[in-house]
1. Considering only residues that are in a loop (DSSP other than H, G, I, E, B) and in contact with a helix residue (DSSP H, G or I) (Cβ under 7 Å, 6 or more places away or on another chain), which ones fall in region 84-119?
2. Is one or more of the residues making up region 120-134 open to solvent by 40 Å² or more (accessible area, probe 1.4 Å) and either closer than 29 Å to Arg306 by Cβ or in a helix (DSSP H, G or I) (or both)?
3. Search region 458-476 for residues being free of Cβ contacts under 8 Å to residues at least 40 places away in the same chain and not in a helix (DSSP H, G or I), and hand back the single one that is nearest to Met417 (Cα to Cα).
4. Looking only at region 175-182, decide whether some residue is under 30 Å from Met297 (Cβ atoms), within 27 Å of the chain's Cα centre (by Cα) and in contact (Cβ under 8 Å) with a residue 24 or more places away in the chain.
5. Within region 500-513, is there a residue that is assigned to a helix (DSSP H, G or I) and over 23 Å from Val465 (Cβ atoms)?
6. Search region 223-252 for residues being among the hydrophobic types (A, V, I, L, M, F, W, C) and open to solvent by 20 Å² or more (accessible area, probe 1.4 Å), and hand back the single one that is modelled with the lowest pLDDT.
7. Checking Asn87 against (1) closer than 23 Å to Asp265 by Cα; (2) at pLDDT below 95, only one condition comes out false. Which one?
8. Right, Ala109: at pLDDT 95 or above, within 33 Å of the chain's Cα centre (by Cα) and of a type in the set (A, V, I, L, M, F, W, C) or not?
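The values are calculated or read from the model by the stated rules, or taken from the named source; none is laboratory data. Just so it is clear, the model here is predicted, and its values are computed rather than measured. Every residue, glycine as well, gets a Cβ built from its backbone with ideal geometry; the counts of neighbours run over all protein chains shown. The accessibility values were calculated without ligands, DNA or RNA, using every heavy atom of the protein model including side chains. Shrake-Rupley method; radii C 1.70, N 1.55, O 1.52, S 1.80 Å.
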Amino acid sequence: MKVIRRAVQAGLVMGMIGTAAFAQNLGDAKKAIDAEKYQQAKTILKKLIATQPASGENYFYLGNAYLKTEYVDSAKATFTKGVSASNEYPLNYVGLGAVDLHANNAASAKTNFDKALSLAKKKDYTPYLYIGKAYTNNPKPNYAAAIENLEKAKSINEKDAEIFLALGDAYNGDKKNSEAYSAYRTAFDMDKNLLRAKIELGKTLIRSKAYNEATNEFNAVLATNPDYAPAYRELAEAYYLWAKDNNYEVAKIKEALKYYGKYMDLTDRSIESRMRYADFLILAREYSALEQEAQEMAKIDKANPRIYRYLGYSAFENGHFAESVTALKEFMAKSEKVIGQDYYYLGRAQLQLGDTSAVSTLAKAIATDSSYAEPLSELAKTQFTEKKYGLAARLYELAITYPQSKTLVYDNFYLGMAHYFDYAGKDAATQKASRDILVKADSAFSFVIQKSPTTPDSYLYRARVNRLLDDDQNSKGLMVPFYEKFIEIVSAKPEAVADSRNKRNLAEAYNNLGAFYIRSNQSKAKDYFNKTIQLDPTNTYAPEALKSLGN
């Protein structure tokens, strides 16, 4: 019996030793967060909270994990519980301040940050460190405030490599590349285990398009730790950008996808890592793979709005326009982070379905990000080609709102034509077309003439528009100067006069000018009609007009 008892006791002791050896602690959770294994980190931290409910530190890092994965409500709830569990622990107040910044409430954030600082001990620099990170890592970063707080942290403890890593992030966001590089270099020199600093050094090389050197940096990280997932992701993105700079070189795209696959395998294919992969698939234009990945994510987490963004983008690119509209509307209903690209995809999908509300959607894209005005030029041209002139005009009106557009003059010209043909079509169909359409057309052609004064067609169309704007019974000759300028420009080039299209347009100009001068200057009218006949002997209007004048 004694032998059995001793064996049982020995087994219990070994079991306790084994449990202690494999128990996961806060350090393991931090490593998991750094390696972007967020689900693993959350699991560890939740277990720590269950066993150590009075430890404010565990709540803080769990809240941070939620913030990194954009579960802001869960982060807020966790930080609040942390304050309740340990109201003297300062960092959960920093966490609540970070949540306030995500909600664009800077005043409340400062209140929480000040509370954290008031609780911190004299030599405790961590509140300043995490306040700095909070100002850097939110939708509307304040890099000046971030650097100010990080410098205060450094003044208390200049030997913590994390401070220099955070400074590198703030300088990087503020586009101070040399300062960022120096901070990252210092961080890595101070702590060779701080692999993200090495990763960031590689990313600075990518920004200089030194792709080979950058991939060498990432591979050096993997030589140290072959399971460090972020290095594979950065390798993937480096190869993608390398491929892009070489007209999307297929071999490098394949390398990029291979490395992203390794990243996925090492990050346990959580929703967070899947979303990073989805972002990459968008960059790599792998829309079939994106649609499949989004559908898989939707099975796991239907509440996450970003999944509907991926479904919407991929459905559009794969020609499933109705599904794209449904998914993107679902995304917009659930997300507070709607960007210009979201509206741009939705608007194009609506256009494909013949839904004219696409115009208001695309207007939202421009209001969110003015650069989306420029690609609307092609969308407008498609509608113009399909003779949907009213819709084309509305799209061109959006396109010209971007003053830096390379196609601004071109877009104004087609805007004028779209309005002109829209008016003509409605007038022919007796829809009582508004003369405001013609005024808009005249304004567009006026802009083109200012920017390109020797383009004959601008004068031709402006003449046509002004002929329609004029009073038929009591003409003021609004068209006259524009027809005359058209004639002047074309006639200056004999090869232009020989062009059959220009011949027709010159005949139009001569006849309209001749008709205008019949009442006020018959000699001039005859001259214009004779020019028409000389140019085009088959023209029927000019000879009849001359007969009416007694010739």
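1. Scanning region 84-119 gives Ser86, Glu88, Tyr89, Pro90.
2. yes
3. Asp470
4. Within region 175-182 (the criterion being under 30 Å from Met297 (Cβ atoms), within 27 Å of the chain's Cα centre (by Cα) and in contact (Cβ under 8 Å) with a residue 24 or more places away in the chain), the answer is no, since none of the residues qualifies.
5. yes
6. The residue in question is Val250.
7. Every condition holds for Asn87 apart from (1).
8. Spelling it out, Ala109 is indeed at pLDDT 95 or above, within 33 Å of the chain's Cα centre (by Cα) and of a type in the set (A, V, I, L, M, F, W, C).
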